[in-house]
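K.L.:
Please see the structure below; I have some questions.
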Amino acid sequence: MKTVLITGASRGIGAATARLFAASGYAVAVNYRSSHKEAESLVNEITQSGGEALAVCADVSDEQEATAMIKTVLNRFGHLDVLIHNAGIAQQKLLTDVTNDEWHRMMGVHLDAAFYCCKAAIPSMINRKSGRILLVSSMWGERGASCEVPYSAAKAGLIGFTKALAKELGPSQITVNCVAPGVICTDMCAGFDENTIRELGDSTSLNRLGTPKDVADSLLFLASDHASFITGQVLGVDGGFIG
Ligand code: NAP
């Protein structure tokens with residue numbers, strides 16, 4: 001059975017990705033930090049539909065917790081085919097109002113976590129000469145968003161991380177790619193009012209906001225055999241954002 005670990009899978013894009021991978025026959029490790037009830041209920045939903053799933057609590061910005069999480073998943077599943085680093089946080093503030101703690105938290109959840117999770121998962125993938133690493137970046141990592149400088153910088157960092165790691169792991173037949181979603185309807189957009197949501201939808205060629213399933217579909221494709229010759233790429237999942 002193929003296996004996947006998805007960070008930040010208790011809600012939003014991560015939860016939709018867990019559901020889709022489970023429905024496609026993967027054993028799924030659902031990482032969460034604080035949404036215990038949501039993660040357990042997702043795991044129950046998957047197991048009751050005949051799938052295999054495991055909830056793993058870890059703050060992925062903490063090296064010890066991230067490393068322990070990978071160990072737990074490897075012990076339970078025996079191997080890891082796909083690692084998806086999706087966990088994320090957002091914040092809208094002028095750069096001059098951002099505190100040092102907020103800056104470091106943003107880098108921690110997105111970039112430090114990518115480092116810790118990959119560092120712990122890569123040796124077993126190299127041993128098997130196979131694996132897929134997928135990072136969830138953002139279109140703001142390519143375009144930059146006003147009042148989201150730390151977020152944009154962290155997401156841009158994930159793009160560089162993807163491109164460099166893809167070169168390093170290519171000889172071991174491990175692919176590394178990232179997706180750059182546009183605006184996707186999740187809790188992360190809960191702060192936007194109706195007008196903003198409409199304007200953001202109108203800013204796409206397809207005239208709508210994305211759904212968590214739109215992003216999950218792109219991740220399933222990149223994890224699949226259909227994407228075996230694709231590595232070091234950034235796949236925009238943004239409905240053709242016009243800006
Ligand atoms: P969401 O609904 O707010 O969910 C965020 C998830 O990340 C939750 O499961 C949360 O777990 C988890 N998480 C946060 N900090 C964590 C930590 N330190 N350790 C472990 N898990 C942590 O967000 P979303 O919209 O699905 O976003 C998912 C990813 O897509 C993020 O990386 C985000 O930046 C990216 N993205 C989103 C959009 C968008 O418009 N929604 C656009 C582009 C990119 P708990 O609830 O358990 O804390």
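The values are calculated or read from the model by the stated rules, or taken from the named source; none is laboratory data. Predicted, not measured: the structure shown is a model, and the values here were computed from it. Cβ placement follows ideal geometry from the backbone for every residue including glycine, while neighbour counts extend to all protein chains displayed. Side chains included, ligands, DNA and RNA excluded: accessible areas come from the protein's heavy atoms. Shrake-Rupley method; radii C 1.70, N 1.55, O 1.52, S 1.80 Å.
K.L.:
Look through Ser49, Ser41, Ser61, Ser34 and report the one residue that is open to solvent by 80 Å² or more (accessible area, probe 1.4 Å), at negative phi and within 13 Å of the ligand (Cβ to nearest atom).
P.N.:
Selected residue: Ser34, the only one of Ser49, Ser41, Ser61, Ser34 that is open to solvent by 80 Å² or more (accessible area, probe 1.4 Å), at negative phi and within 13 Å of the ligand (Cβ to nearest atom).
K.L.:
When you go through (1) under 24 Å from Leu111 (Cβ atoms); (2) modelled with pLDDT of 95 or more one by one for Ser228, which number turns out not to apply?
P.N.:
(1)
K.L.:
Now, a different point. Would segment 19-34 turn up any residue that is over 19 Å from Leu219 (Cβ atoms) and not aliphatic (A, V, I, L, M)?
P.N.:
Taking segment 19-34 as the starting set, the residues that turn out to be over 19 Å from Leu219 (Cβ atoms) are 33-34.
Right, trim to not aliphatic (A, V, I, L, M) and you get 33-34.
Within segment 19-34, one or more residues are over 19 Å from Leu219 (Cβ atoms) and not aliphatic (A, V, I, L, M).
K.L.:
Out of the helices (runs of 4 or more DSSP H) lying entirely within segment 94-146, which hold 1 or more residues that are in contact with a Pro (Cβ under 8 Å, 6 or more places away or on another chain), touching a residue at least 12 places away in the same chain (Cβ under 8 Å) and not β-branched (Val, Ile, Thr)?
P.N.:
100-107
K.L.:
Looking only at residues in segment 7-26 that are over 21 Å from Ala190 (Cβ atoms) and in contact (Cβ under 8 Å) with a residue 40 or more places away in the chain, which one is nearest to the ligand (Cβ to nearest atom)?
P.N.:
Among those that are over 21 Å from Ala190 (Cβ atoms) and in contact (Cβ under 8 Å) with a residue 40 or more places away in the chain, it is Leu20.
K.L.:
Another question about this same structure. Out of the residues in segment 6-22 meeting the condition of being of a type in the set (S, T, N, Q) and open to solvent by less than 10 Å² (accessible area, probe 1.4 Å), tell me which one is farthest from Cys57 (Cα to Cα).
P.N.:
Within segment 6-22, the match that is farthest from Cys57 (Cα to Cα) is Thr17.
K.L.:
Out of curiosity, is Ser137 crowded, with 18+ Cβ neighbours inside 10 Å, among the hydroxyl-bearing types (Ser, Thr, Tyr) and within 14 Å of the ligand (Cβ to nearest atom)?
P.N.:
Yes; evaluated as a whole, the condition is true for this residue.
K.L.:
Let me spell it out: the conditions are (1) touching a residue at least 24 places away in the same chain (Cβ under 8 Å); (2) over 17 Å from Val109 (Cβ atoms), and Glu168 meets all of them except one. Which number is the exception?
P.N.:
Unmet for Glu168, out of (1) touching a residue at least 24 places away in the same chain (Cβ under 8 Å); (2) over 17 Å from Val109 (Cβ atoms): (1).
K.L.:
Being surrounded by fewer than 20 Cβ atoms within 10 Å (Cβ to Cβ) and touching a Lys or Arg at 6+ places or on another chain (Cβ under 9 Å) narrows it down to one of Glu142, Glu168, so name that one.
P.N.:
Of Glu142, Glu168, the one residue that is surrounded by fewer than 20 Cβ atoms within 10 Å (Cβ to Cβ) and touching a Lys or Arg at 6+ places or on another chain (Cβ under 9 Å) is Glu142.
K.L.:
Which members of segment 165-181 meet the condition of being within 13 Å of Val234 (Cβ to Cβ) and among the small types (Gly, Ala, Ser)?
P.N.:
Result: Ala166, Ala180.
The rows are residues; the columns are (1) under 15 Å from the mean Cα position of the chain (by Cα); (2) not polar (S, T, N, Q).
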| site | (1), (2) |
| --- | --- |
| Ala120 | no, yes |
| Ser130 | no, no |
| Cys147 | no, yes |
| Ala166 | no, yes |
| Ile174 | no, yes |
| Cys189 | no, yes |
| Ser205 | no, no |
| Leu220 | yes, yes |
| Ser224 | no, no |
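K.L.:
Quick test for you: out of Ala68, Ala114, Ala55, pick the one residue that is open to solvent by 20 Å² or more (accessible area, probe 1.4 Å), within 13 Å of the ligand (Cβ to nearest atom) and within 19 Å of Ala15 (Cα to Cα).
P.N.:
Just a single option satisfies the conditions, and that option is Ala55.
K.L.:
Which condition breaks for Ala39 when tested against (1) free of Cβ contacts under 8 Å to residues at least 12 places away in the same chain; (2) in a helix (DSSP H, G or I)?
P.N.:
Every condition holds for Ala39 apart from (1).
K.L.:
Which members of segment 1-24 meet the condition of being closer than 22 Å to Lys71 by Cα and not in a strand (DSSP E or B)?
P.N.:
Of everything in segment 1-24, those that are closer than 22 Å to Lys71 by Cα and not in a strand (DSSP E or B) turn out to be Met1, Lys2, Thr7, Gly8, Ala9, Ser10, Gly14, Ala15, Thr17, Ala18, Phe21, Ala22.
K.L.:
Picking from Thr162, Thr196, which residue would you name as being out of contact with any helix residue (DSSP H, G or I) (no Cβ under 7 Å at 6 or more places or on another chain), touching a residue at least 60 places away in the same chain (Cβ under 8 Å) and not in a strand (DSSP E or B)?
P.N.:
Exactly one of Thr162, Thr196 is out of contact with any helix residue (DSSP H, G or I) (no Cβ under 7 Å at 6 or more places or on another chain), touching a residue at least 60 places away in the same chain (Cβ under 8 Å) and not in a strand (DSSP E or B), namely Thr162.
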